[in-house]
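Comments concern the structure below.
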Amino acid sequence: MGYAYYGCPRRGLYRSRSGLLFGVCKGLADYFDISVFWTRVIVFMTFVFTGFCPIGIAYILAVFLMKPEPRFDRYYA
C-alpha cells in the first residue's frame, strides 16, 4: 500500500460515484492525484487518434472491472 501524502494511506483504484460517464476518468485522476480535466483530455485525444477499438474497449472493461468507490471511508472516520 502506497502513501499519497502526509502519511495517509493511498486509497485503492475505484470508479468515482460522482463522475460523468461511469466515473472511470475521475477514479483514475483521484488515484494518480492529477486533474480530472487532463485525464479526460488524454482519454478523449487517445479515443480520437486511435479510434474506438483500443481505448473504447479498455474504457468498457474498466467500467466492469473497477469497483465503485466505497460510500464510507474508514481512514477518515
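None of the figures in this text is laboratory data; all of them are computed from the coordinates on show. Remember, it's a predicted structure, so these values are computed and weren't measured experimentally. As a convention, Cβ positions derive from the backbone with ideal geometry for all residues, glycine included, and neighbour counts pool all protein chains shown.
Laid out as a table, the results:
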| read-out | value |
| --- | --- |
| C53-R11 pseudo-label distance in nm [points 7 Å out on the Cα-to-Cβ vector] | 3.6 nm |
| In Å, descending, principal axis extents of the Cα set of segment 17-77 | 43, 23, 17 |
| Cleavage-rule hits, chymotrypsin sites (Phe, Trp or Tyr not before Pro), segment 11-75, DSSP coil, Cβ neighbours within 10 Å at most 15 | F72, Y75 |
| Inter-site label distance for S35 and L61 at 7 Å from Cα along Cβ, in nm | 2.9 nm |
